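The values are calculated or read from the model by the stated rules, or taken from the named source; none is laboratory data. No experiment lies behind these values; they were computed from the predicted model shown. Counting neighbours? That spans all protein chains shown, and the Cβs are built from the backbone with ideal geometry, glycine included. For accessibility, only protein heavy atoms count, side chains too; no ligands or nucleic acids. Shrake-Rupley method; radii C 1.70, N 1.55, O 1.52, S 1.80 Å.
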Amino acid sequence: MRQIILDTETTGLDPDQGHRIIEFAGLEMINRKLTGQHLHLYIHPERDIDPDAERVHGISLASLEGKPRFAQVAEQLADFMRGAELIIHNAPFDVKFLNAEFDRLGLPRINKLAAQVTDTLAMARDQFPGKRNSLDALCDRFDIDRSNRTLHGALIDCELLSEVYLWMTRGQESLVMDIDVDAGNSQGGDIQFERKPLLVKRASEEELAAHASYLGELDKAVKGSCLWRTLEAPPVGDAT
């Protein structure tokens, strides 16, 4: 499946309070490899940016002068995401903002556009319960270089998240990593497994005599025939 590593930056924390998307980034991944195809846009929000948000991502309203409004790029974003699996860290946050933007324009929501949404924060909490699972913490845990990340930014966060996602899902390859299959016989249905003949080693005369003597002692102990006698096959020639 085509996957999109996705992130956004916004004017604040809640689209229900009128906050808007100001940066969108998406990196395309196919077969667990980045293809080089990406979409990165700065968007004018048509409103102020909260100071707390600006301190996080460093994007000022002045820097967005001349950038397109969301309505001008909405179809481009929708086309880029359509049919893909979206990989997002703390997906409910970004999905809520994207849905609010699309709702304003009467466009389909994310659950209609995308094949599915995978939240890497939820994945990390399942894999590392009780630990810090921010993007920074996961980069540190997997020894991913984030020295270029001084502020939050959608594009650099996508690049880091792509590496984090591959680390967290590396077990998907574990079943095939160590299999060495001859290139001329690569189809699983053609693989033949050789079963060696079962070696049967019969008891010696001495061992049979010792066994009979032991059963005799058991017969004396129970004053009759021990249970083993009922399980023994009749001697050859005695069967009817």
Problem set entry | Qualifying position, being farther than 23 Å from Leu41 by Cα, at pLDDT 90 or above and assigned to a helix (DSSP H, G or I), among Ala100, Ala78, Ala122 | Ala122
For this session: Would you tally the residues in region 64-85 being surrounded by 14 or more Cβ atoms within 10 Å (Cβ to Cβ) and not basic (Lys, Arg)?
Result: 11
Exercise. Regarding Arg125, is this residue among the charged types (D, E, K, R), surrounded by 16 or more Cβ atoms within 10 Å (Cβ to Cβ), on the phi < 0 side of the Ramachandran plot and out of contact with any strand residue (DSSP E or B) (no Cβ under 8 Å at 6 or more places or on another chain)?
Worked result: no
Exercise. Of all residues in region 128-154 being open to solvent by 70 Å² or more (accessible area, probe 1.4 Å) and not charged (D, E, K, R), which is farthest from Ile5 (Cα to Cα)?
Worked result: Gly130
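What do you reckon, is Arg69 charged (D, E, K, R) and out of contact with any strand residue (DSSP E or B) (no Cβ under 7 Å at 6 or more places or on another chain)?
no
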Exercise. Failed condition for Arg132, given (1) assigned to a loop (DSSP other than H, G, I, E, B); (2) in contact with a strand residue (DSSP E or B) (Cβ under 7 Å, 6 or more places away or on another chain); (3) charged (D, E, K, R), with all others met?
Worked result: (2)
Exercise. Which residues, counting only those in region 12-53, are out of contact with any Gly (no Cβ under 7 Å at 6 or more places or on another chain), of a type in the set (A, V, I, L, M), assigned to a strand (DSSP E or B) and surrounded by 13 or more Cβ atoms within 10 Å (Cβ to Cβ)?
Worked result: Ile21, Ile22, Ala25, Leu27, Met29, Leu34, Leu41
